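Novice: The following block contains the structure, expressed as structure tokens.
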Amino acid sequence: MYGVEWCPWVRKARDWLDQHSIQYDWIIVPDRQSDRSEVIEISGQPEVPVIVVTSDDRQHIFLEETHPELSELLNILPEPLST
């Protein structure tokens with residue numbers, strides 16, 4: 001996962017991964033978006049978080065932890081709907 005320490009969206013994504021006991025590599029990127037060449041190369045844009053999952057020799061790129069395919073790849077059951 002690529003991110004910066006101060007970003008609330010990155011914190012939310014890290015908390016989600018931690019909550020589901022998903023091990024991940026944490027790669028801190030520069031604060032300035034224009035300096036995030038590795039993030040741009042991987043995801044095509046400078047925003048964080050960027051979550052990278054390798055499955056079946058293919059990289060899957062996610063820009064948020066709520067993407068349904070991310071949960072599917074990580075074998076995480078959907079959250080029950082609250083009533």
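Novice: Apply the Karplus curve 6.51 cos²θ - 1.76 cosθ + 1.60, θ = phi - 60°, to the phi angles in the stretch 36-52 and return the couplings in whole Hz, x for Gly and Pro.
Specialist: Values, residue by residue: 9, 4, 5, 5, 5, 4, 6, 10, x, 7, x, 6, 10, x, 10, 9, 10 Hz.
Novice: Based solely on its DSSP helices, what 222 nm [θ] is calculated for the chain when runs of n ≥ 4 H residues each add -39,500 (n - 2.57) and the sum is averaged over all residues, nearest 500 deg cm²/dmol?
Specialist: Calculated mean residue ellipticity at 222 nm is -8000 deg cm²/dmol.
Novice: Taking the DSSP beta bridges in the chain as the whole, what percent of them are antiparallel, to the nearest 5?
Specialist: 75 percent
Novice: Please list the non-local residues whose amide H lies under 5 Å from the amide H of residue 60, H modeled 1.01 Å from N, same-chain partners needing a gap of 5 or more.
Specialist: 53, 54, 55
Novice: With everything on Cα atoms, drop me the angle between helix 8-19 and the longest principal axis of the chain, reported from 0 to 90° to the nearest 10.
Specialist: For 8-19 against the chain, the angle is about 40 degrees.
Novice: Now, a different point. Please compute, for the alpha-carbon atoms of the stretch 2-73, the extent along each of the three principal axes and give them in descending order in Å.
Specialist: Dimensions of the stretch 2-73 along the principal axes of its Cα atoms: 32, 26, 18 Å.
Novice: Rank 56, 25, 15 by mean-square fluctuation in a GNM of the chain with C-alpha springs under 10 angstrom and give only the top-ranked residue.
Specialist: 56
Novice: Could you check the spin-label model distance between residue 34 and residue 52? Points 7 Å from the Cα along Cα→Cβ, value in nm.
Specialist: 2.5 nm
Novice: Report the label-to-label distance for residue 6 and residue 77 in nanometres (one decimal), using points 7 Å from each Cα along the Cα→Cβ vector.
Specialist: With each label point 7 Å from Cα toward Cβ, the separation is 4.1 nm.
Novice: How big is the charge dipole of the chain about its Cα centre, in debye rounded to the nearest 20, if each Lys and Arg gets +1 on its Cβ and each Asp and Glu gets -1 on its Cβ?
Specialist: Approximately 180 debye in magnitude.
Novice: Okay, next question. How high is the relative contact order of the chain, given as a whole-number percent (alpha carbon pairs under 8 Å, six or more residues apart)?
Specialist: 28 percent
A short reminder: the numbers here are calculations on the coordinates, not readings from a lab. Predicted model only: the values in this text are computed from it and were never measured. Note that each Cβ is placed from the backbone with ideal geometry, even for glycine, and that neighbours are counted across all protein chains shown.
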